[in-house]
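Peer 1: Okay, here's the structure, questions in a sec.
We did not get these values from a lab; they are worked out from the coordinates using the rules stated. Nothing here was measured: the structure is a model prediction, and the numbers come from that model. Positions of Cβ are backbone-derived with ideal geometry, glycine not excepted, and every protein chain shown enters the neighbour counts.
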């Protein structure tokens with residue numbers, strides 16, 4: 001008797017791409033599996049006008065999917081890992097992380113090849129406060145504006161002339177066939193990605209060993225390690241998805257390299273940290289980085305407490 005797995009996903013074009021990607025990976029490793037994809041609409045999809053920081057952060061894209069898991073209406077939920085809060089509901093866990101795509105952010109423009117080419121006052125759109133504040137540090141003379149909606153909607157607003165350029169994740173553009181729209185790949189050193197950016201994760205009920213064994217078979221070990229370290233940094237800061245926080249881990253030549261960014265909501269106070277070490281010490285390094293940021297005052301930024309003069 002074949003095993004049936006019901007996958008919950010958002011109904012955006014990119015989310016459905018990710019769900020079908022996971023389905024195909026499951027079928028490759030377990031040909032006898034019957035996979036059903038269940039499309040759902042989340043609060044983040046319904047409310048496309050309010051800034052994410054005002055409606056609960058990026059976690060608004062996963063709550064309904066998690067409820068489906070808890071209620072037994074789905075066996076697994078597919079997420080962009082950058083949208084998954086550091087703390088998961090009791091009884092749920094991330095049991096697979098697929099191989100990461102390009103984690104960088106992209107500058108997309110019909111007028112300019114690079115962000116630095118945009119003249120003073122140029123309008124730059126992004127839904128991410130993390131992106132806007134990091135770019136503002138390099139280009140303070142640009143006009144950064146909130147831009148919500150799926151990838152197609154954002155590109156349409158750019159094409160309509162509402163913006164001189166917009167910032168999107170490279171991975172999403174490539175997955176949807178829009179790689180030719182990328183004007184510039186923004187270096188990680190200039191704009192550190194959000195924890196989990198470019199990685200697709202699968203959440204399920206922790207005690208469902210049958211489903212979890214199937215999911216584990218499609219997990220990518222190095223990506224899982226890097227994303228785990230990134231999430232340890234954000235959880236160590238007790239941070240929510242509302243805040244401009246970045247955490248990135250990369251494996252090079254047998255070592256793991258960590259970088260992070262924390263800011264207040266207007267970019268007036270910024271903290272950064274970098275660490276590297278052996279792969280087997282990744283978790284300890286991530287916890288150490290979170291501790292270093294806290295010592296530097298990250299908790300005050302996260303809690304919105306003004307610095308003591």
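Peer 1: Is region 156-279 best put as rounded, prolate or oblate by its Cα gyration tensor, with a ≥ b ≥ c the root eigenvalues, rounded for a/c under 1.5, and otherwise prolate when a/b is larger than b/c, oblate when not?
Peer 2: Oblate, because a/c is 1.5 or more while a/b does not exceed b/c.
Peer 1: Same structure, new question: So in the chain, what percent of DSSP beta bridges are antiparallel if you round to the nearest 5? All intermediate terms of the calculation are to be shown ahead of the outcome.
Peer 2: Numbers: 34 of 49 bridges.
Counting DSSP beta bridges with both partners in the chain, the antiparallel share is about 70 percent.
Peer 1: Per 5 Å bin, what percent of the C-alpha pairs of region 82-144 does each bin hold, from zero upward?
Peer 2: 3, 12, 21, 18, 11, 11, 9, 8, 5, 2, 0
Peer 1: Just how far, in whole angstrom, is region 204-236 from region 149-198 if you go by their alpha carbon centroids?
Peer 2: The distance from the Cα centre of region 149-198 to that of region 204-236 comes to 26 Å.
Peer 1: Could you tell me which of rounded, prolate or oblate describes region 105-186, using a ≥ b ≥ c as the square roots of the eigenvalues of the alpha-carbon gyration tensor, with rounded for a/c under 1.5 and, failing that, prolate when a/b is larger than b/c and oblate otherwise? Please list the in-between numbers first.
Peer 2: Details: a/c = 1.45, a/b = 1.43, b/c = 1.02.
In terms of gyration-tensor shape, rounded.
Peer 1: Taking the alpha-carbon set of the chain, what are its Rg and Dmax in Å?
Peer 2: Just the Cα atoms of the chain yield Rg and Dmax of 19.2, 68 Å.
Peer 1: How do the peptides 110-117, 269-276 rank, highest first, by the average count of neighbouring beta carbon atoms within 10 Å per residue?
Peer 2: By packing density, highest mean first, the sequence is 269-276, 110-117.
Peer 1: Hey, any idea what Rg/Rh is for region 234-303, computing Rh the Kirkwood way over Cα pairs?
Peer 2: Looking at region 234-303, the ratio lands at 0.99.
Peer 1: Hey, what angle do you get for helix 129-138 against the long axis of the chain, alpha-carbon based, 0 to 90 degrees rounded to 10?
Peer 2: For helix 129-138, the angle is close to 40 degrees.
Peer 1: Would you work out if region 195-257 is rounded, prolate or oblate? Take a ≥ b ≥ c from the square roots of the eigenvalues of the alpha-carbon gyration tensor; rounded if a/c is under 1.5, else prolate when a/b is larger than b/c, oblate otherwise.
Peer 2: Cα axes put region 195-257 in the oblate bin.
Peer 1: How far is helix 282-295 tilted, in degrees, relative to the longest principal axis of the Cα atoms in the chain, given as a value from 0 to 90 rounded to the nearest 10?
Peer 2: Tilt relative to the chain: about 40 degrees.
Peer 1: Specify the angular offset, from 0 to 90 degrees and rounded to the nearest 10, of the alpha carbon long axis of helix 221-236 from the longest principal axis of the alpha carbons in the chain.
Peer 2: 60
Peer 1: Springs between alpha-carbon pairs under 10 angstrom, Gaussian network model over the chain: which of 298, 68, 90 fluctuates most?
Peer 2: Judging by the Gaussian network model, the answer is 90.
Peer 1: Which FRET efficiency value, to the nearest 0.05, do you get for residue 221 and residue 303 by plugging their Cβ-Cβ distance into 1/(1 + (r/R0)^6) with R0 = 45 Å?
Peer 2: 0.80
Peer 1: Turning to a different aspect of this structure: Among 71-78, 141-148, what's the highest-first ranking by average C-beta atoms within 10 angstrom per residue?
Peer 2: Values: 71-78: 20.4, 141-148: 16.4.
Peptide ranking by packing, descending: 71-78, 141-148.
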